[in-house]
Amino acid sequence: MAFWQPKFELMKRDELEELQLRRLKDTVERAYRNVPFYKEQMDARGIGPQDIKTLADVLRLPTTRKVNLRENYPFGLFAVPRDDVVRVHASSGTTGKPTVVGYTRQDIETWSDMMARDFVMVGVTKQDVFQNAVNYGFFTGGLGVHYGIERMGAMAVPSATGNTERQLEIMMDFGVTVLHCTPSYALYLAETAKAKRIVDKLKLRIGCFGAEPWSDEARKELEEALNIKAYDSYGLSEMFGPGVAFECQEQNGLHIWEDHFLVEILDKDEQPCAPGEPGELVLTSLTKEAMPLIRYHTGDVTYFLEDECPCGRVSRKLHRFLGRADDMLVVRGINVFPSQIEDVLMSIPEIGDYFQVIVDRKRHGLDEISIKVELTDEAFTGELGDLGKIQKKVEDRLKSVLNVRSKIDLVEKGSIPRTAGKAQKIVDLRKL
Ligand code: DLL
């Protein structure tokens, strides 16, 4: 088994915690000294950097949310002089200004090594040809992944997004062996490759997919369709970008790199969740220079997997993300995650890979979920009776998993929009 940074990946738990504490103290000190937002927050709580004596003291620190980044737009949370910032990225929110993040030269180094660590972990080697089919620009998935590929020495193919047929042509001509893109775009690439009957001309062996939630069913489908092993990749711009947590070859949970992040999972009352209990992932950066963030609320819902990993890496593992705290639909009082819907839909062979959930508040203020799904070509017989049967089958399965009824709309294949970016799987029409 190969490691990129065995010193950190295999560090004993007590050594790791010692390193975390040293880095936490340093981060808090730098944030307090250089970022007015953190000084104000900490002064208001009557706490200073000298009060951080153990890792548990993190609970006394102020929290950070996306709104704080917006309020300090664009560079207000930077902790270094402008001269030391060598790059910015940004992510577009749904409302208002984008959130901006900055990097020192050392931050780019740290991030590249973190990405290289992820790729080596899933078995990428210098001999691989690695196509990065995501947007190169403000999105961190472009340059972030690119630098990681170059760092570990595979051949980077920056195909970016657009023109799916050309993407596949490059894949064939260059003998691409590793693909990185969003899972929804991977499904579209697979669908197109299948339609063009070129799957057996591809040399792909590994897929790294992330930037949006996806399901184990989608993994199975992609692995079969493209003849690959597919790995889940998690990250967010506020914590460098991609690379924060990544599956190892066990394909059972994502190692979150605890030498770079102090990890909490909190419930609605901001209390630590019990092992196995889902909650919001809250991260404190331990190595970021340009923009350290303390107790950043990611909005992403997951839980800790407690078992030691057979791969030998010490950093704890997170369960595949269940969705976003704010993406979670509360329908008639029941919590529904889009990932649960995806799991059910993907397990039904007559249904295609794309879906869109529409939630609306109808008569008497009752919420209704309707889900647009595409039929596969094979399932389309033209018989109305057959359609009715499929519809009922999907509705029944969903009801048994979600505990709430939903209405299925069967639509023509290709009518749900495909995107190379993050797919919009939920449309909430309720004015809540
Ligand atoms: O999406 C960084 C990234 C790029 C990750 C490429 C993986 C691959 P943002 O645009 O800032 O950064 O969006 C971050 O995307 O808070 C999650 O809600 C969601 N997300 C990212 N990866 C996953 C994943 C990049 N594997 C936001 N599963 C995060 C579920 C994910 N959600």
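The values are calculated or read from the model by the stated rules, or taken from the named source; none is laboratory data. Predicted, not measured: the structure shown is a model, and the values here were computed from it. Glycine gets a Cβ as well: all are built from the backbone with ideal geometry, and neighbour counts include every protein chain shown. Just so you know, the surface numbers come from the protein's heavy atoms only, side chains and all, with ligands and any DNA or RNA stripped out. Shrake-Rupley method; radii C 1.70, N 1.55, O 1.52, S 1.80 Å.
Does at least one position in region 303-310 carry a residue that is near the ligand (Cβ under 10 Å from one of its atoms) and either open to solvent by 10 Å² or more (accessible area, probe 1.4 Å) or of a type in the set (Val, Ile, Thr) (or both)?
No, region 303-310 has no match at all.
What pairs come up if the first residue lies in region 326-341 and is among the polar types (S, T, N, Q), the second is open to solvent by 50 Å² or more (accessible area, probe 1.4 Å) and within 15 Å of the ligand (Cβ to nearest atom), and their beta carbons are under 6 Å apart, counting only those six or more places apart or on different chains?
What qualifies is Ser339/Pro213.
Restricting the search to region 91-120, which residues are closer than 19 Å to Val35 by Cα, within 19 Å of the chain's Cα centre (by Cα) and either at pLDDT 95 or above or aromatic (Phe, Trp, Tyr) (or both)?
Residues satisfying the conditions are Val100, Val101.
Where the second residue is open to solvent by 80 Å² or more (accessible area, probe 1.4 Å) and the first is assigned by TED's automatic domain parsing to the domain that holds Glu238 and lies in region 260-278, which pairs have Cβ atoms under 6 Å and are six or more apart or on separate chains?
Close Cβ pairs (under 6 Å, with a partner that is open to solvent by 80 Å² or more (accessible area, probe 1.4 Å)) amount to Pro275/Glu306.
Could you check region 154-182 and list, in sequence order, the residues that are within 15 Å of the ligand (Cβ to nearest atom) and in contact (Cβ under 8 Å) with a residue 40 or more places away in the chain?
Matches in region 154-182: Thr161, Val178, Leu179, His180, Cys181, Thr182.
If only one of Leu254, Leu266, Leu222, Leu281 is hydrophobic (A, V, I, L, M, F, W, C) and in contact with a helix residue (DSSP H, G or I) (Cβ under 7 Å, 6 or more places away or on another chain), which one is it?
Exactly one of Leu254, Leu266, Leu222, Leu281 is hydrophobic (A, V, I, L, M, F, W, C) and in contact with a helix residue (DSSP H, G or I) (Cβ under 7 Å, 6 or more places away or on another chain), namely Leu222.
Take region 202-229 and flag every residue that is closer than 12 Å to Thr182 by Cβ and more than 6 Å from the ligand (Cβ to nearest atom).
Of everything in region 202-229, those that are closer than 12 Å to Thr182 by Cβ and more than 6 Å from the ligand (Cβ to nearest atom) turn out to be Gly207, Cys208, Phe209, Trp214, Ala218, Leu222.
Of all residues in region 164-190, count the ones that are closer than 20 Å to Ala211 by Cα and of a type outside the set (A, V, I, L, M).
9
Among the numbered criteria (1) within 16 Å of the ligand (Cβ to nearest atom); (2) touching a residue at least 60 places away in the same chain (Cβ under 8 Å), which single criterion is violated by Ala186?
Looking at each condition in turn, Ala186 falls short on (2).
Take the residues of region 151-166 that are under 21 Å from Val122 (Cβ atoms) and not hydrophobic (A, V, I, L, M, F, W, C): which is farthest from the chain's Cα centre (by Cα)?
Gly153
Scan region 370-418 for residues that are open to solvent by 50 Å² or more (accessible area, probe 1.4 Å) and either within 16 Å of the ligand (Cβ to nearest atom) or hydroxyl-bearing (Ser, Thr, Tyr) (or both) and report the count.
Residues in region 370-418 being open to solvent by 50 Å² or more (accessible area, probe 1.4 Å) and either within 16 Å of the ligand (Cβ to nearest atom) or hydroxyl-bearing (Ser, Thr, Tyr) (or both): 3 in total.
Residue check: is Leu236 away from the ligand (no atom under 16 Å from the Cβ), more than 20 Å from Val129 (Cβ to Cβ) and not assigned by TED's automatic domain parsing to the domain that holds Gln356?
No: the conditions fail for Leu236.
Answer yes or no: is there a residue in region 138-145 that is away from the ligand (no atom under 16 Å from the Cβ) and at pLDDT 95 or above.
Checked region 138-145: no residue is away from the ligand (no atom under 16 Å from the Cβ) and at pLDDT 95 or above.
Would you confirm, using the coordinates I've provided, whether Pro183 is under 25 Å from Cys248 (Cα atoms) and at pLDDT below 95?
Judged against the criteria, Pro183 is a match.
Look through Arg295, Arg313 and report the one residue that is in the same structural domain as Met239 (by TED's automatic domain parsing) and either under 20 Å from the mean Cα position of the chain (by Cα) or within 14 Å of the ligand (Cβ to nearest atom) (or both).
Checking each option against the conditions leaves just Arg295.
Filter region 30-76 down to residues that are within 25 Å of the chain's Cα centre (by Cα) and among the basic types (Lys, Arg) and give me whichever is nearest to Leu283 (Cα to Cα).
So, considering only residues that are within 25 Å of the chain's Cα centre (by Cα) and among the basic types (Lys, Arg), the one nearest to Leu283 (Cα to Cα) is Arg65.
Give me the residue from region 120-137 that is within 12 Å of the ligand (Cβ to nearest atom) and open to solvent by less than 10 Å² (accessible area, probe 1.4 Å) and, out of that set, farthest from Val178 (Cα to Cα).
Among those residues, the one meeting the criterion is Val134.
Please list, ordered by residue number, the helices (runs of 4 or more DSSP H) wholly in region 1-89 having 3 or more residues that are without any contact (Cβ under 8 Å) to a residue 60 or more places away in the chain and open to solvent by 80 Å² or more (accessible area, probe 1.4 Å).
Qualifying helices (runs of 4 or more DSSP H): 13-34, 36-44.
Just the residues that are away from the ligand (no atom under 15 Å from the Cβ), closer than 26 Å to Ala225 by Cβ and buried (at least 19 other Cβ atoms within 10 Å of the Cβ), please, taken from region 319-349.
Val344, Leu345, Met346 - these are the residues of region 319-349 that are away from the ligand (no atom under 15 Å from the Cβ), closer than 26 Å to Ala225 by Cβ and buried (at least 19 other Cβ atoms within 10 Å of the Cβ).
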